[in-house]
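Any read-out appearing in this document is the output of simple, stated calculations on the displayed coordinates, not a laboratory observation. Keep in mind that what you see is a predicted model, and the values were worked out from it rather than measured. Every residue, glycine as well, gets a Cβ built from its backbone with ideal geometry; the counts of neighbours run over all protein chains shown.
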Amino acid sequence: MTAPRATKDELESLRQQIRHHNYRYHVLDDPEVPDAEYDRLMRQLQAIESEYPELVTEDSPTQRVGDTPISAFGTVQHQVPMLSLDNAFAPDELREFHRRVSDRLELEEGADQLCYAAEPKLDGAAVSLLYEGGQLVRGATRGDGTSGEDITHNVRTIDAVPLRLIGEDFPPTLEVRGEVFMPKAGFEAYNKKAEKEGEKTFVNPRNAAAGSLRQLDPKLTAERPLDVYVYSVGRIDGGKLPETHSEIIKRLQSWGLKTCPESAVVEGVEGCLAYYEALGAKRDSLPYEIDGVVYKVDNLLQQRELGFVSRAPRWAIAHKFPAQEELTTVEGIEFQVGRTGAVTPVARLKPVFVGGVTVSNATLHNIDELHRKDVRVGDTVTIRRAGDVIPEVVGVIASRRPKGARAAQLPKQCPVCGSAVIRESDEAVARCSGGLYCSAQRAEALKHFVSRKAMDIEGLGSKLIEQLVAADRIKTPADIFQLNKDELAGMERMGDKSAENLVDSIEESRSTTLQRFLYALGIREVGEATASALASYFGKLDAIQQATEEELVEVPDVGPIVASRIRSFFDEAHNRDVIKALQDFGVHWHESEPQRSPSEGGLSGKTFVLTGTLSNMTRDEAKQKIQALGGKVTGSVSKKTSFVIYGDKAGSKLAKAQDLGVETIDEAGLNALLAES
Ligand code: IVH
């Protein structure tokens, strides 16, 4: 049967895509798509080639193992080829493998007793280590399976690779194979540091291991936290090895080579599946990445009988875990408001099966991350879901971006309550300023409102608040003052007595102090101390509500950021409504006269500017002392300035004062002034 034109076109397109990905992966150490996508392309190609064998060409990607080594390193010919493994994804594919093995070995009856060495499939880079007379003489990558790169200088820097074998009975020539990997903790620490220093980060630990091994400068490799497990013997001259794979592994260990502690011998296909389940459950807690299990027929005689097909042994198979990274498309970018008001961008996705579940949303963490990754609606993205971790967008496949895809912007208004969204320039997180009013933040804001140092409403615990919020019974703190005994007694785990106590305690809380009330409002950056400073400085709530940012910074303890937070809180009409409602329900406190210009303060009416470094106090302390005596501290010098206080390294402000003829005094002068006022 000749293949239709469309099939031939598809075949060519698949080959081209696979070649492109091989190059990105093997040569550039910078894969563009997740493994799952690569595997899928490869399988599609294999399926077409097995249906139309006449279309198989020698240069088809299915006909080779890896990719050609880059020329920067010397080339190493593998005398015994470094092969690859076939994959199984579903239990049925594994059963099929076991059946093939049993058939070839004519094991019909004893198939259940067939022993497999089961090992984690380590997610790193394959290496060959050659020992002559017990000395490490060469390290090589797998390359295309027949020839790899000479990376001796780099493997020598890995502590876990012995430079000399131990014991006496090792063969004169021994070539072992194994996996160099970067443990999870080392990978994370490395990436964090690289990000901080503006250097390139690695997409995953495997990529990190492969990239590190191919450094031209071994000093760089030495800085990378690499480890190794060996899992087979390539070549051996002048010695004898045991007759099972598992015994060989033990022997390698006795010569000082590191082997994986999770390896085990299992019986039959059921033994394999049980091992797979158990290892899968352990996967997240292992200190290194694995992406499946490798089963190898344990008996070497049986291995020899089974032999090889072009690129893989018939006696082994890799049973993969569900992929933790997959491709999908972004259908929308929305902003979610968390319990603390943090506004987080979330990608709405075309549902995709990843890490064992179907995922349709992935976090983009914060607005900087969204811009850094430049995720746009319509983009094809890699999604990662490992263990119980929230699915995240790893990155965009730039080449697949549709035309005209526009970048998402941080909304100006909270998508939940419509309040202003505020982001300080030095903060990654943007927040809804709705506070008490925003239903997304309600439960947390209410817990704070009733807490001991705030309104101190005893008996209104977190669980009860959550129930009342969920039942829509409390929308704002004002609703607390409308709760009655009967409805409270009807809530989960509430009896008549506790309902009565709670009502009493709500009643008592109506009489409070301005400081507690201000603190209870939950204005960002306004803790107990600031609430106290505001209360004594202004004396009355109205005055605080009406104060401008310039007036607010006059309060000791209040800087420009805090002042702007206070201002934006009171600028929201909903917040003012809530305060009014609370007062209407009888929440009250004693108001006092403002203390902002103490009549006895000898510095009242005087304006100060501070410049340079003082030796016995900070500028902030000086500011507080001046303010305590009724003086005003501003940032710029004008004709109206009474005094410029200068310390060490005073700059242009001092010069300007001299220009304008403003009186200038040093620290000693300030101390004298403070003392006499
Ligand atoms: S044995 C002839 N055992 O998987 C069999 N390979 O797809 C050769 N790998 O290149 C491989 N863990 O990089 C074997 N326990 C393990 C492995 C393992 C990871 C990698 C290795 C190899 C690839 C084969």
Hits in segment 326-360: amide N under 19 Å from the 7 Å Cα→Cβ extension of residue 409, namely 332-336, 343-346
On the formula 1/(1 + (r/R0)^6), with r taken between the Cβ atoms of residue 571 and residue 90 and R0 of 56 Å, the FRET efficiency rounded to 0.05 is 0.40
Checked segment 379-528 with the C-alpha gyration tensor, a ≥ b ≥ c its square-rooted eigenvalues, rounded below a/c of 1.5, otherwise prolate if a/b is larger than b/c and oblate if not; verdict prolate
Relative contact order of segment 115-159 (C-alpha contacts under 8 Å, at least 6 apart) in percent is 24 percent
Taking a straight Cα-to-Cα line shorter than 17 Å from residue 282, and setting aside same-chain aspartates and glutamates fewer than 8 residues away, one finds 119, 123, 262, 291, 388
Once the dipole of the chain is set up from charges on Cβ (+1 Lys and Arg, -1 Asp and Glu), the residue from the list 173, 450, 125 lying farthest towards its positive end is 450
Partner lysines whose C-alpha sits under 22 Å from that of residue 240, ignoring same-chain residues fewer than 8 away, are 250, 258, 296
Residue-ordered couplings for segment 573-578, obtained by feeding phi - 60° into the Karplus form 6.51 cos²θ - 1.76 cosθ + 1.60 and rounding to whole Hz (Gly and Pro as x), are 4, 4, 5, 5, 4, 4
Once both label points are put 7 Å beyond Cα along the C-beta direction, the residue 237-residue 100 separation in nm becomes 3.4 nm
Simple spin-label estimate for residue 451/residue 470, 7 Å along Cα→Cβ, in nm, reads 2.3 nm
The chain: longest segment with zero exposed trypsin sites (Lys or Arg not before Pro), where exposed means DSSP loop plus at most 13 other C-beta atoms within 10 Å, is residues 1-199
Once the dipole of segment 482-557 is set up from charges on Cβ (+1 Lys and Arg, -1 Asp and Glu), the residue from the list 548, 537, 503 lying farthest towards its positive end is 503
For residue 580, counting only aspartates and glutamates whose alpha-carbon sits under 15 Å away and dropping same-chain residues fewer than eight positions off, the answer is 479, 542, 571, 572
In debye to the nearest 20, the charge dipole size for segment 13-150, taken about the Cα centre with +1 at each Lys and Arg Cβ and -1 at each Asp and Glu Cβ, equals 300 debye
For segment 151-168, in residue order, the Karplus 3J(HN,Hα) values (coefficients 6.51, -1.76, 1.60; θ = phi - 60°; whole Hz; Gly and Pro = x) are 10, 3, 4, 7, 5, 5, 8, 8, 4, 6, 8, x, 7, 9, 6, 9, x, 10
The pairs in 193/219; 184/447; 453/632 lying past 27 Å Cα-Cα in this model are 184/447; 453/632
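How many percent of the alpha carbon pairs in segment 70-207 exceed a separation of 18 Å?
The answer is 69 percent, as a whole percent.
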Per the rule of 0.36 nm per residue minus the C-alpha distance, extending residue 51 to residue 282 adds in nm 79.2 nm
If amide H atoms are modeled at 1.01 Å from N in the peptide plane, then the residues at a separation of 5 or more from residue 232, or on another chain, having amide H under 5 Å from its own are 177
Over the chain, cysteine residues that find no other Cys C-beta under 4.7 Å are 115, 260, 272
Long-range amide H partners of residue 173, meaning residues 5 or more apart or on another chain whose placed amide H is closer than 5 Å, are 133, 237
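Below 8 Å, C-alpha to C-alpha, sequence gap of six or more: please give me the relative contact order for the chain in percent. Don't jump to the answer; show the numbers that get you there.
Numbers: 1225 pairs, mean separation 58.6, N = 677.
Over the chain, the number comes to 9 percent.
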Taking r as the C-beta separation of residue 199 and residue 340 and R0 as 35 Å, the FRET efficiency to the nearest 0.05 is 0.65
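Calculate the FRET efficiency for residue 401 and residue 156 from the Cβ-Cβ distance with a Förster distance of 45 Å, rounded to the nearest 0.05.
Values: r = 43 Å, r/R0 = 0.96.
Plugging the Cβ-Cβ distance into 1/(1 + (r/R0)^6) gives 0.55.
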The value for segment 553-639 (convex hull of the alpha-carbon atoms, volume per residue, Å³) is 141 Å³
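What whole-number value in cubic angstrom gives the convex hull volume per residue for the C-alpha atoms of the chain? Intermediate results must be reported in sequence, preceding the final value.
Values: hull volume 174.5 nm³, N = 677.
Expressed per residue, the convex hull around the Cα atoms of the chain is 258 Å³.
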Rounded to one decimal in nm, the spacing of the 7 Å Cα→Cβ label points at residue 462 and residue 168 is 6.5 nm
